[in-house]
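Following: one structure in structure tokens, then a few remarks.
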Amino acid sequence: MLSLCIFAIVLCLVNTVPVVVLRGSLCQKAEKEISTRAEQIAAGSTAEALDSERIILLDNEARVTYDSDTEDSMVGKVLYIPAVRKAHSKAPEAQAQFAEEIMISHTVVPRDGGYVYIFSRDKEAEITVDKLKETLWFVSLALGILFVFAMIIGAYHIKKRIKVLISGVSAREYTGPITVSGNDEIAELAEMLNKLSAQMIETEELRRTFVSDASHELRTPLSSIQLLVDSIVQTENIDVATTKEFMADISEQIERLTRIAERLLILTNLDGAKILALEPVDMKKVATSVISTLEQTAHEAKVELVCNFAEDVIFRGTPDGAYQIIFNLVENAIKYNRPGGVVRVYIYKNDDECLLIVDDNGIGIPEEDFELIFERFYRVDKARSRKDKGGNGLGLAIVKKNVENYNGKIKVEPSVDGGTRFTVTFPQEGTL
Amino acid sequence: MKRLFFAVLGVLIFTSCGTEESKVSDEPQHMQVYYLNASTNMLLAEEYDMPPKENIVNLISSTIELMMEDKGELKSVFPENTKLLDTRFEQGTASLEFSKEYLALEGFDKTTAECAIAMSLANFWNVDSIDIYVEGKLVATGLSNDNIVTEMPKVQE
């Protein structure tokens, strides 16, 4: 549509500008010619009118003394027109213009004892203009045909490229990125579609991994339960003590299943939470509650808990989320430690941030795993974790998701004592 | 416009009488009086209403008296201090007698003044021609609007 408008404007300009310019130049030429002719007549060389010319001689009071048109003679009349006034004021002026397709020109110049008026019609000028108009019409026609061809070719080209896009998008299976040449909007669209496809493939890959890992995690305790139940069923005359022992093991596996299910539920909820209703949360209060819960676990693991909580460390979040963050970090620090180890939990604030540091001198995490530990079901040492510590690789994923939801950041680094140090920062909230 | 009407009426009361009395119209006469346009030095008309049932001689005199005064941007075609000494109307010819200042006009300026007089008096249908005297001496005769060409003469097709 825009190109059609531009083409129409170009056609208008092509058909008008040259005509206007030609007419202007013809008028200028005619003005010069009629001035020269009038000067010659004023000098007395001739007073004979040519074809399409009228010569009138005036006395100094603008009274007509001679008129070359004998049929409509003005002799004796007064010619009171501005051109005579200009000639009288010693500023004679020649004027030429196109009137009804014919170029007319006239001038008045002073002469001895009066003025000379001369008027001329020029039909040839319009013929010249007509020829130009005809040429321009042919040029316009040629341009029009070229434009139509260009539009058809352009439309075909665009259609072809869009077809490539459509076939790329509608393919049942991903067959690689869509290739569209050029540097225009269609190429941009192809690039965006390729990016979108790549994201979708990545998401799909993550989903598959997650489902596979989740199934694996759920299957392990279920297999154990199956094995224990089979043992009870298949053993003849099984004594009560053995049955109790087996049942205790089954109960442990059920607890494990429950924990996995709970955590998966938490993660699903965190993923789906579009807008969280955030509120000011006092970190010390939450951390104190976490520590009181984990004190027994630490005692059993022979790990010392060293806490230092500053007052009024407030950030925007939810109490449940804050609890999950602190609980998981401290629990991991206790679990993956050695007897006699120390876990330090610090809460304090600087100018505009709230900080939570959980530092241990436990078994540590290899630095190459730092990037991966927040992924779901990832474990540094799978055999060890599952068997001894009851971990399921979801705790740190929950921590990270919560931290992100509260506009915070989490950093992991080796501790000076050989363990691991997690630092969580949140933007500081004024007061409760 | 009302003020002008009374000004014209005032002029009429004090102007001289002609030799021939003839009534013109029962309605106020709408007419054009010509002045010099200061920017182009050409004539330009100004509209007036003349009183009805007035003597033609008085009407001619009033018209000439109006022409003698500048009107805003429009200038009088007459030289300064020119006076209309007498007005007569006889057999379609208006005779105007001016003071000697009129003689300062010459060339195209004289033509301009004569055209202005002829075109202004052309409002009165019974004025066929105009003669101009200066202190008793005839300086122009047979002036008429019909003899003035204001459009560019062309070649007959």
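FYI, it's all coordinate maths here, none of it is from the lab. These numbers come from a predicted model, not from an experiment. So basically every Cβ, Gly included, is an ideal-geometry build from the backbone, and we count neighbours across all protein chains shown.
Between residue A:17 and residue B:139, the distance separating the two model label sites (each 7 Å from Cα on the Cα→Cβ line) works out to 5.9 nm.
Of all DSSP beta bridges in the protein assembly as shown, what percent run antiparallel (nearest 5)? Here the share of antiparallel DSSP bridges comes out near 85 percent. Across peptide B:32-42, the mean count of Cβ atoms from other chains lying within 10 Å of each residue's own Cβ comes to 1.
With each label modelled as a point 7 angstrom along the Cα→C-beta vector, the residue A:288-residue A:271 pair spans 3.7 nm. So which DSSP H runs in chain A come out at 18 Å plus along the axis (Cα) with average Kyte-Doolittle of at least 0.5? Those that clear 18 Å and a mean of 0.5 are A:2-42, A:123-170. Report, ordered by chain and residue number, the lysines lying within cross-link reach of residue A:335, taken as a straight Cα distance under 24 Å and ignoring same-chain residues fewer than 8 apart. Result set, ordered by chain and number: A:284, A:285, A:302, A:382, A:387, A:389, A:400, A:401, A:409, A:411. Extending 7 Å from the Cα toward the beta-carbon at both residue B:70 and residue A:5 defines two label points whose distance is 5.4 nm. Each listed q (0.10, 0.16 Å⁻¹) maps to a log10 I(q)/I(0) for the stretch A:193-333, found by the Debye formula over equal Cα scatterers with no solvent: -0.61, -1.06. Among the listed pairs B:75/B:154; B:71/B:100; A:86/A:131; A:90/B:83; A:29/A:133; B:53/B:100, a Cα-Cα separation exceeding 27 Å is found for B:75/B:154; A:86/A:131; A:90/B:83; B:53/B:100. Counting only other residues whose beta carbon sits under 15 Å from that of residue B:109, what net charge do I get with K and R as +1, D and E as -1? In short, 0. The residues neighbouring residue A:198, those whose beta-carbon lies less than 13 Å from its own, together hold a net charge of -3 under the Lys/Arg +1, Asp/Glu -1 convention. Footprinting exposure proxy ranking of A:211, A:290, A:78, fewest other C-beta atoms within 10 angstrom first, gives A:211, A:290, A:78. With Rh defined as the Kirkwood radius, the inverse of the mean 1/r over Cα pairs, the Rg/Rh of chain A is 1.55. Summary of the geometry: the stretch A:62-134 and the stretch A:143-214, compared by the centres of their Cα atoms, lie 72 Å apart. Charged neighbours of residue A:372, selected by a Cβ distance under 12 Å, balance to -2 (K, R count +1; D, E count -1). Rounded to the nearest 0.05, the FRET efficiency derived from the C-beta distance between residue B:81 and residue A:75 at R0 = 35 Å is 0.45.
Mean partner shielding of peptide A:69-75, defined as the number of other chain Cβ atoms within 10 Å of each residue Cβ, is 2. Candidate cross-link partners of residue A:160 among the lysines, defined by an alpha-carbon separation under 23 Å and a same-chain spacing of 8 or more, comprise A:195. With the helix formula -39500 (n - 2.57) applied to DSSP H stretches of n ≥ 4, chain A reaches a computed 222 nm mean residue ellipticity of -18500 deg cm²/dmol. At a Förster distance of 60 Å, what's the computed FRET efficiency of residue A:279 paired with residue A:247, Cβ-Cβ distance as r, to 0.05? Given R0 = 60 Å and the Cβ-Cβ separation, E is 0.85. Counting Cβ atoms of other protein chains within 10 Å of each Cβ in A:100-110 and taking the mean gives 1.
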